[in-house]
Each structure stands twice: as structure tokens, then as C-alpha cells.
Amino acid sequence: MAIKLYHHPFSRAAGTVWALEEIGQPYELEFVDLMKGAHKVPDFTKTNPMGKLPTLVDGDAIVTEAAAIALYLADRYSAGKLAPKLDDPRRGTYLRWSFYAPSVIEPGCSAHASKWEFRPSAAGWGTWDEMLKTIDSALAGDYVLGSEFSMADVIFGGTLRYMTMFKMLDASPPIAKYLERISARPAFKRTDEVNLRVMKEHDLKLPGQ
């Protein structure tokens, strides 16, 4: 049975396609029309009560949240390759940056863009400058695990790509070089092709196009 991803190219599910392309397993996309509210209807919320994308179904397993889906796919289908084995000391670093992206970079960029007022000690993302320095520190090597690409780069790199694309984060030299490296991956290129194909099939255009 093929893996099914509930998908819309203007959602985080667009990045989940990259995780699927990296593991190389058969999968199918189930288009969910966000513009018509199809993600909030009872048939869909039975699968994901939050009514959010991405939502992935793999046999009897239902997985939601983009980072969780990517980690699940790597552990199940690429253990020891895209995911360090459980006894590999690098697994701590792998998990660190996989969770840093959604729990620090995303809210930190939103807080900065919206000029939220908060005490840095009370916020999980701390100060803007601390976050930027921490991101650059993760990119001392080619990838977050050094010379080896992993699913953590799909999560961490995908988040950096989104934030820089929408001008929520400036690309420092380490970020720019890192994004260039991950963008050259065949699976990354196929992901853009898949999302563009779905856009054409459903006559979807990004704002301003």
C-alpha cells in the first residue's frame, strides 16, 4: 500500500514531498483544497483533528506535523542512512536541529516580523541575535551532521529556505551556501517539479503571479 500524503502546494505539505522523495518509497498525493476549506470538513478532521496539512497515512499509521512526519519516514524507511541509528552519538545532533526548526526558527521569525513584545527569557526562541548565531553555528559543515546529509537537513533546511524566500530571515553567508547545497539535490529538484505540477493541475498561482 502506497504512502498517502494529504497535500496542498501552498502548505507545509509541499516540504513533506521532499522527505518522501528522499526516502524513495512509492507515495500518492491527495489534494486538499484549502481555499474551499476542505481541511476543516468532518471527513478530514477524523484523520487530523487540527484540520491541518501535512497529514500522512502509512498503512495503519497516521502522522501529522511536518517535522514528525519527516523523522518518522527516515526512521522507518532509511534508518542508518537518512536517520542515524539509535546508538549513533550523532542522533542527538540530528534530533536537536530537527526540532530547533519548528520550535525556535519558525516562532522566532514570526515574533521578529510581527514585532511581538516578550521577555526573551520567557520565550523558547530567546533573542533574535542569539537565534541567528545559533543557526550559523549549525552550519559549520556541509550539513547539520557535518559532511553527511540527513533528514534533519530536510527539516532545518526546508525551514530556512521558506523563511528566506518570504523575507522573514536574511541569508547569512553560511545559510546561503547551505541552501545552495541542498537545492542541488535531485530529490529537492523533483520536489519542486511535483509541487509545480499540482499547481498547474489545479490552476493555482502564488500571490502576485
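The values are calculated or read from the model by the stated rules, or taken from the named source; none is laboratory data. What you see is a predicted model, and the numbers here were worked out from it, not measured in a lab. Virtual Cβ from ideal backbone geometry, glycine too; neighbours counted across all protein chains shown.
One line per residue, one yes/no per condition, for (1) crowded, with 23+ Cβ neighbours inside 10 Å; (2) small (Gly, Ala, Ser):
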| position | (1), (2) |
| --- | --- |
| GLU130 | no, no |
| LYS133 | no, no |
| SER147 | no, yes |
| ALA152 | yes, yes |
| THR164 | no, no |
| LYS167 | no, no |
| ASP170 | no, no |
| ALA176 | no, yes |
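Any residue in region 120-135 that is touching a helix residue (DSSP H, G or I) at 6+ places or on another chain (Cβ under 7 Å) and of a type in the set (D, E, K, R)? Within region 120-135 (the criterion being touching a helix residue (DSSP H, G or I) at 6+ places or on another chain (Cβ under 7 Å) and of a type in the set (D, E, K, R)), the answer is no, since none of the residues qualifies. Pairs are defined by a Cβ separation below 9 Å, a sequence spacing of at least 6 or placement on different chains, a first member in region 32-48 that is over 18 Å from VAL198 (Cα atoms), and a second member that is among the hydrophobic types (A, V, I, L, M, F, W, C); the pairs so defined are PHE44/VAL32; PHE44/ALA38; THR47/VAL57; THR47/ILE62; ASN48/ILE62.
Evaluated against (1) closer than 17 Å to GLY157 by Cα; (2) surrounded by 19 or more Cβ atoms within 10 Å (Cβ to Cβ); (3) free of Cβ contacts under 8 Å to residues at least 24 places away in the same chain, TRP125 falls short on exactly one condition, (1). Of the residues making up region 30-60, those that are surrounded by fewer than 20 Cβ atoms within 10 Å (Cβ to Cβ) and part of a strand (DSSP E or B) are GLU30, PHE31, VAL57, ASP58. If the requirement is being in the same structural domain as TYR72 (by TED's automatic domain parsing), of a type in the set (A, V, I, L, M, F, W, C) and either free of Cβ contacts under 8 Å to residues at least 40 places away in the same chain or part of a helix (DSSP H, G or I) (or both), which of these qualifies: LEU132, LEU196? Step by step, each of LEU132, LEU196 is checked, and only LEU196 is in the same structural domain as TYR72 (by TED's automatic domain parsing), of a type in the set (A, V, I, L, M, F, W, C) and either free of Cβ contacts under 8 Å to residues at least 40 places away in the same chain or part of a helix (DSSP H, G or I) (or both).
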